[in-house]
Amino acid sequence: MADGSALKVLEPLRIPTVADTVFEELYQQILSLDLAPGTRVSEAEVAKAFGVSRQPVRDAFYRLSQLGFLLIRPQRATVITKISEAAVLRARFVRTALEIASLRAAIEVITDDQVKDLEALLEEQAAAVRTDERQLFHNLDDAFHRRICEISGHDYVWALIREQKAHMDRVRFLSLASGAQVALDDHLVIIDAIRKRDGAQAEALLVEHLGRIETILGRIRAENSAHFED
C-alpha cells in the first residue's frame with residue numbers, strides 16, 4: 001500500500017456506557033422537572049427501574065452531584081436539589097460569553113444555505129409553539145443555538161454551554177407556558193440580523209435574549225417557591 005494514503009486518522013468512536021445512559025435520562029428528567037426539586041431518589045430504585053446494577057447508577061449520581069443537581073448525604077436520602085438563583089445567574093453569565101464569541105465567529109463565515117438552515121429551525125419552533133409542544137420547543141431552541149456554534153467552526157463550545165446552561169433550563173421549563181413565543185420572537189430578530197451580517201445588532205439581541213432569564217426569575221420563583229432554595 002502506498003505511503004501517501006489519503007485516509008485520515010479518525011478519533012475512535014465513543015460508545016455510551018450504561019452509566020452514560022442512566023446519567024442522560026436522569027439529567028433530562030431533572031431539567032424538565034419530571035424529577036422535581038426536593039424529590040428523593042435512591043440508587044436501588046433507579047437501578048431497578050433501569051434494570052441495571054447499582055454501580056452505573058452510583059456513577060451517574062456522582063456526575064449529577066458534581067453539576068449541582070443531586071445532594072448526596074451519607075446515611076440520609078439523596079434528593080434532587082432545589083433551584084439556586086445564584087447558580088442560574090452564574091450560568092447565564094458564562095453562557096452569554098461563550099455564545100457571543102460563537103455568534104461573532106459564525107457571522108464572519110456563514111453562508112446563505114446555513115442561514116436557511118437556521119430559518120428552517122425557526123419554522124419548526126413556530127409549529128411547536130402553535131401546538132404547545134414545550135419539550136419539542138425546548139429541543140429546537142437548543143438546536144438553534146447549537147447550530148450557530150457549529151457554523152462558527154467551534155462546535156465543541158456547545159458541550160461547555162450545555163453543562164453551564166443546565167441550571168437555567170429548569171427555570172426555562174417553568175417559563176415555557178408563557179415564554180415560548182417570546183423566545184421565538186427573539187430568535188426571529190436575531191436571524192434577521194444574522195441574515196444582514198450585522199454582527200453588532202445580532203450580538204446586542206443575543207445578550208437581550210439570554211438576559212431575559214434575570215427579568216423572569218423573580219416571577220418564576222414567586223409562582224413556584226417550593227422549587228427554589230430559601
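Condition first: touching a strand residue (DSSP E or B) at 6+ places or on another chain (Cβ under 6 Å) and surrounded by fewer than 20 Cβ atoms within 10 Å (Cβ to Cβ). Now tell me which residues in segment 82-94 satisfy that.
LYS82, the sole residue that qualifies.
With the checklist (1) touching a residue at least 12 places away in the same chain (Cβ under 8 Å); (2) surrounded by 14 or more Cβ atoms within 10 Å (Cβ to Cβ); (3) of a type outside the set (Asp, Glu); (4) closer than 16 Å to ALA101 by Cα in hand, flag the one item ALA204 doesn't pass.
(1)
Considering only residues that are touching a residue at least 60 places away in the same chain (Cβ under 8 Å) and either surrounded by fewer than 19 Cβ atoms within 10 Å (Cβ to Cβ) or closer than 15 Å to ALA193 by Cβ (or both), which ones fall in segment 109-129?
Scanning segment 109-129 gives ILE110, VAL115, LEU118, GLU119, LEU122.
Can you name every residue in segment 177-212 that is of a type in the set (D, E, K, R), out of contact with any His (no Cβ under 8 Å at 6 or more places or on another chain) and farther than 17 Å from ASP132 by Cα?
ASP192, ARG195, LYS196, ARG197, ASP198, GLU203, GLU208, ARG212
Taking the residues in segment 43-91 that are in contact with a Ser or Thr (Cβ under 9 Å, 6 or more places away or on another chain) and of a type in the set (Ser, Thr, Tyr) as candidates, determine which candidate is nearest to ARG212 (Cα to Cα).
THR81
From the list ALA159, ALA143, ALA101, ALA180, exactly one residue is in a helix (DSSP H, G or I) and surrounded by 18 or more Cβ atoms within 10 Å (Cβ to Cβ). Which is it?
Selected residue: ALA180, the only one of ALA159, ALA143, ALA101, ALA180 that is in a helix (DSSP H, G or I) and surrounded by 18 or more Cβ atoms within 10 Å (Cβ to Cβ).
Could you grab the pairs with beta carbons closer than 7 Å, sequence gap of 6+ or different chains, first residue in segment 134-163 and assigned by TED's automatic domain parsing to the domain that holds ASP185, second one among the aromatic types (Phe, Trp, Tyr)?
Filtered contacts from segment 134-163: HIS138/PHE173; ARG146/TRP158; CYS149/TRP158.
Check every one of the helices (runs of 4 or more DSSP H) wholly within segment 11-82 and list those with 2 or more residues that are in contact (Cβ under 8 Å) with a residue 40 or more places away in the chain.
The qualifying helices (runs of 4 or more DSSP H) are 18-31, 54-67.
If the requirement is being within 17 Å of LEU140 (Cα to Cα), among the acidic types (Asp, Glu) and at pLDDT below 95, which of these qualifies: ASP169, ASP186?
Just a single option satisfies the conditions, and that option is ASP169.
With respect to VAL52, is the statement that it is of a type in the set (A, V, I, L, M, F, W, C), surrounded by fewer than 17 Cβ atoms within 10 Å (Cβ to Cβ) and within 19 Å of ARG146 (Cα to Cα) true?
no
Here is a list: ARG63, ARG90. Which entry is basic (Lys, Arg) and in the same structural domain as GLU163 (by TED's automatic domain parsing)?
Only one candidate qualifies: ARG90.
The values are calculated or read from the model by the stated rules, or taken from the named source; none is laboratory data. Here the structure is a predicted model, which is why all the values come from computation and not from measurement. Quick reminder, even Gly has a Cβ in these numbers, built from the backbone with ideal geometry, and neighbours come from all protein chains shown.
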